[in-house]
Amino acid sequence: MFSASELPALSPQELVVRLESPEPIQLIDVREPEEAAIVSLPHFQLFSLSQYADWSPLILDQLDPHVETIVLCHHGIRSAQMCQWLIAQGFTQVKNLSGGIDAYAWIVDPTLARY
């Protein structure tokens, strides 16, 4: 397993560039529905960690383990946990959004709500 600092990561600026690419990508948001209601990014699927028991048995039916998968949360801690779990499930191209949606709002799009 990777330590949180060794996980493959993506900066908010790199996410902008990656989202413009035509290459397939899977986008996961692990925050709570209440957090996503405050602010979210387009095309991110919500897989709240608190609802793990509901979605975890179906993850391989819903996502391709060999497609690049970017995970975000509020600050990057919960998404790092999800990245670890995905890697343990056989996902091969997982990246954590450094600083989470808060860093994205601060660095890339200051019009987004912050909490």
*Highest to lowest packing among 101-108, 67-74, 89-96, 20-27, scored as the average C-beta count within 10 Å*: 67-74, 101-108, 89-96, 20-27
*Scattering from the C-alpha atoms of the chain alone, worked out with Debye: what is log10 I(q)/I(0) at q = 0.10, 0.12, 0.13, 0.15 1/Å?*
-0.26, -0.38, -0.44, -0.60
*Note the angle between two axes, namely the Cα long axis of helix 77-88 and the longest principal axis of the Cα atoms of the chain, as a number of degrees from 0 to 90, rounded to the nearest 10.*
30 degrees
*Please report, for the Cα atoms of region 34-90, the Rg to one decimal and the Dmax as a whole number; what are they, in angstrom?*
11.4, 32
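Here, each number is a calculation from the coordinates, and none is a lab measurement. Predicted model, so just to flag it, every value in this text is computed and none were measured. For neighbour counting, all protein chains shown are included, and Cβ atoms are generated from backbone atoms with ideal geometry for every residue, glycine included.
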